[in-house]
Every structure is written in structure tokens, then in C-alpha cells.
Amino acid sequence: QDLFKDDQCRGQVNAVIYCSVLKGYARSRRMDSVWSVWNEMLSRNIEPSIVTFNAMIDACARNAQMEAVPELQAKLKEKGLSPNAITFSTTIKGFCQRGEVKSALSVLDEMRRTANMKPDEIVYNNLLDGCAQGGFMAEGERLLDTMQKEGIVPSSYTLTALVKLMGQAKRPDRAFSLVEEISQKYGFKPNSHVYGGLIQACVGVRDHTRAMQIFDLMAQRQMQMDSRAWQALLRMTMGARNHKQAIRICGVVMGAPTNDGSRSVVSLCRAEDDAFIKETLKAIAQAGGEPAASASFLLKHVNEQGPRPAGGPVTRRALARNGNANRR
């Protein structure tokens, strides 16, 4: 507004400047301001570019207003512009986030019909995420098949979405086979998110044995584990009143010393997970019996170590250094 009041600057205000403001409001989840700025730009006869339209579609996707996208697409054509790969991928992502997988698949079909447009890995991964959220197992399998036929190499991100999809479908066997098949075929090692998904898939069908096998594998490889995965495993273990196993899980994720003074692997948990660990250990200690002493020992360790910084790359690197020093 100040630029418009300045005679020397008024002519420099263009779609690029407006686009920056639109993105700022979109990321602040202030959609009323997004539409206000958009309408003001049009009223000032400042022509939006394809980048501006993509920013508006992204704003709708971020703020669950995908119902406004068709009008934006009509305006785009009215301005004589053509959608690009970002236009299609952003629209697909927005529909997937809303759980509207069929709408997203329709956009994919439109993208394929558009000259010089080819879906990439990001588009397929967004679609697989949407299938996982909505439980569209058959569609997910078809997308994986199409993706590979088109020569697009799946990644750990792709596997994470597929494992989540198979976990929701209560098909952990298929999840395990997909991880083995794809990682071997394309020569990469699944990351921690894939393994965390496998743990949750096993928990979903109460398969404690395989869940613990993956947990132990991650511990051996010192992989940072998603809290949702090990907490789901710990809840299942506590539900089965397997307190010895629960103590072992707590010790591993904390990187805590054991009763004999040795140390476990590098900590897998974050400072914000301490409350959950303490609650679990207190429950075991109060239950009495043989595991109570071990639970009290670990609980003492948690209390003595004091507040830790929130989880992050620096914290994880420091923990890794500590773990290496302990092994030496």
C-alpha cells in the first residue's frame, strides 16, 4: 500500500510482489486476506502469471479450500494461460490432503492428456499418500504399477505411503513383501519412516513378534524412530502386560544404562517423549513383581538426566557421538 502511495514506486508493483504477499498470507492460514489481496490485484489490472495462479491453488490446498480451485482454473484459461506441471501437482496434492482421491485421479488423467506433461515421482507419491489416507488399496496398487511402467523409480517416500496403505488394510504381509521387492529391485535401503510404518502395520494386527523384530533392527542400526511407532509398540506391549519387554523398549529408546552399567544404543526418543516414558515406567514400578526394580532404575535415570533439549538434528548428532564413544 505504501508503494502505491509513492509516485516513483507505483509502477513497480507487479504480480511478483503480489505473489509474495499471497504466499505469506497463505502460509499464515489467513485466507480472507489471500482473497482480499487477489481481488485487489485484479481490480488494479495487474495481470497474474502462471506462478500467481499456482500460488493461489497452493493457498487453497494448504487451507482446505479446494472447492475454489475450479474457478481459479477457469480464470487461468480466461487469461490465456496454460497450466504447467506445478499447477497439476499442487491441485493433486490439495485433493489428496482432503481425501478426495477420485478428484485427484481425474486431475492426473487430465495431466496425461496435456501435451508435454508427464507425472513425476512427487505426483505419484502425493497420490499414494492420498490413497493411504482414504484406504484406497486397489488404486494404490495400480498407481505403483503405472508408476513403474512409466519408468519412475520409487523411493523410501513411496514405500512409506505403501506401507501405511497396507497397514490400514490390515495386510502387513503385503507391506513387508513390497518393502523387500522394491528396495531390492531399485537398490536402496528403506529409511526409518518405512520401518516405523512396518511397526505400526504389525501393531495394527497385534503381531508383536514382527514388530519387535523391526524395532530391534532399527535399534541395531541406530535409526531415529518416529515416536508414533515405538509408542504404539509400547502401548501394545503394556496391554499384553509384558512388562519385561516394555522395559527393554523404554531402555532402547532412551539410550539408557542397564542395571549392569552397560549402555543401550543411541537414544531414539525426543525430550518431548520423556513424559510418556515416565508414565509407562511408573505404571510398571507400581505393578510390583520382578520388573518393578528395573523400571525404578530406569525411572531414576530419566529423572536424573534432567530436561533435555527438544529433538532435532543437532541433538541427534550429539547422541550419535555419545553412542559411538560408549561402544569404544
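The values are calculated or read from the model by the stated rules, or taken from the named source; none is laboratory data. From a predicted model like this one, the values you see are computed outputs, not experimental measurements. Note that we place each Cβ from the backbone using ideal geometry, even for glycine, and neighbour counts take in every protein chain shown. Ligands, DNA and RNA are excluded from the accessible area calculation, which covers all protein heavy atoms including side chains. Shrake-Rupley method; radii C 1.70, N 1.55, O 1.52, S 1.80 Å.
In this simple spin-label model, placing a label point 7 Å from the Cα along the Cα-to-Cβ direction at both residue 40 and residue 275 gives a separation of 4.0 nm.
Taking all protein chains in place and a 1.4 Å probe, what share, in percent, of the accessible surface of the chain do carbon and sulfur account for? About 49 percent, which is the carbon plus sulfur part of the accessible surface.
Using θ = phi - 60° in the Karplus curve 6.51 cos²θ - 1.76 cosθ + 1.60, the 3J(HN,Hα) couplings for region 113-123 round to 7, 7, 4, 6, 10, 9, x, 10, 4, 4, 4 Hz; x is entered for Gly and Pro. Could you work out the helix-only [θ] at 222 nm for the chain, with each DSSP H run of four or more residues adding -39,500 (n - 2.57) and the total divided by the number of residues, to the nearest 500 deg cm²/dmol? About -22000 deg cm²/dmol.
If you take the Cα centroid of region 182-213 and the Cα centroid of region 142-169, the two points sit 14 Å apart. Descending by average beta-carbon neighbour count within 10 Å, the peptides 239-250, 120-131, 81-92 line up as 120-131, 81-92, 239-250, the highest first. Spacing of the modelled spin labels on residue 290 and residue 138, each 7 Å from Cα toward Cβ, amounts to 5.1 nm.
FRET efficiency for the pair residue 170 and residue 115, taken as 1/(1 + (r/R0)^6) with r the Cβ-Cβ distance and R0 = 56 Å, rounds to 0.85. With all pairs of different C-alpha atoms in the average, the Kirkwood value for the hydrodynamic radius of the chain is 23.1 Å. Maximal additional length on extending the residue 205-residue 30 stretch stands at 58.9 nm, based on 0.36 nm per residue less the C-alpha distance. Looking at region 64-151, the accessible area is 50 square angstrom per residue; that uses a 1.4 Å probe and ignores ligands, DNA and RNA.
When the Cα positions of 8, 240, 295 are compared along the charge dipole of the chain, 295 comes out farthest toward the positive end, with charges on each C-beta of Lys, Arg, Asp and Glu. Give the distance, in whole Å, between the Cα centre of region 39-84 and the Cα centre of region 90-132. Measuring centre to centre over Cα atoms gives 18 Å.
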